[in-house]
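Take a look at the structure set out below.
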Amino acid sequence: MDFKKPDFKKSNFKAPDVSKHLDSLKSLQSFDWRGLQKYTSPKAAEDLNVFLERLPHNVSHSLLIAAGIAWGVAGVLGLFTTVKIQALTELRAELEEAQSLQPIVPKIKDVAVNPKEVRAFEEKIKDTYKGLDIRSNGASIAITATSTAQFGQFREAIGHVQNGGSGWRVNIDRLCVGRECGQHALAASLKINKVSVDKPG
């Protein structure tokens, strides 16, 4: 294998220009760092204080008024914010106090009665009201009759269901008397619930 020495004259290779970097490094070395000490001396702080004291004499009257207005607006905004924060804090404290005084009330809701309990009640009253058709379906009881002549017995059966079980709340879903009933002259559908009291956690 033959290795040829690269000809830099023919190629496009350019050496980096280091002269600019050397100039900036020389100027940094020649910088007088001791000149910065005068800004940190006690005399510099005194000069700043004198400058601030003479500022009202050197600045125009309108600029001072503008600065005063800006400071005044900032002060008013700060005071307004402080008052609002204080009012919100007091309001939050009152709300927490009201919540702590609120009594704990249990939740009352209706719960469907156990279908077995309804079926047992149905079997018990069938013998009492033999002229009526009494059927249970879940937590509901349907009472029907073929003739309006059985209205007295029909009414008694509905009252019996309403007073039937311990803690029962009976709602009439459907009540029909006469021709509007279709195939039955008398029909009633009663839904049976119990009151459930849930203690709040």
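What follows draws every value from the coordinates through simple rules; no lab data is involved. A quick note: this is a predicted structure, and the numbers were derived from the prediction, not measured. Every residue, glycine among them, receives a Cβ derived from its backbone with ideal geometry; neighbour counts consider all protein chains shown.
Do we find that Arg155 is among the basic types (Lys, Arg) and under 49 Å from the mean Cα position of the chain (by Cα) in this structure? So Arg155 fails the test.
Scanning region 96-143 for residues that are in contact with a Gly (Cβ under 6 Å, 6 or more places away or on another chain) and not aromatic (Phe, Trp, Tyr) gives a single hit, Pro115.
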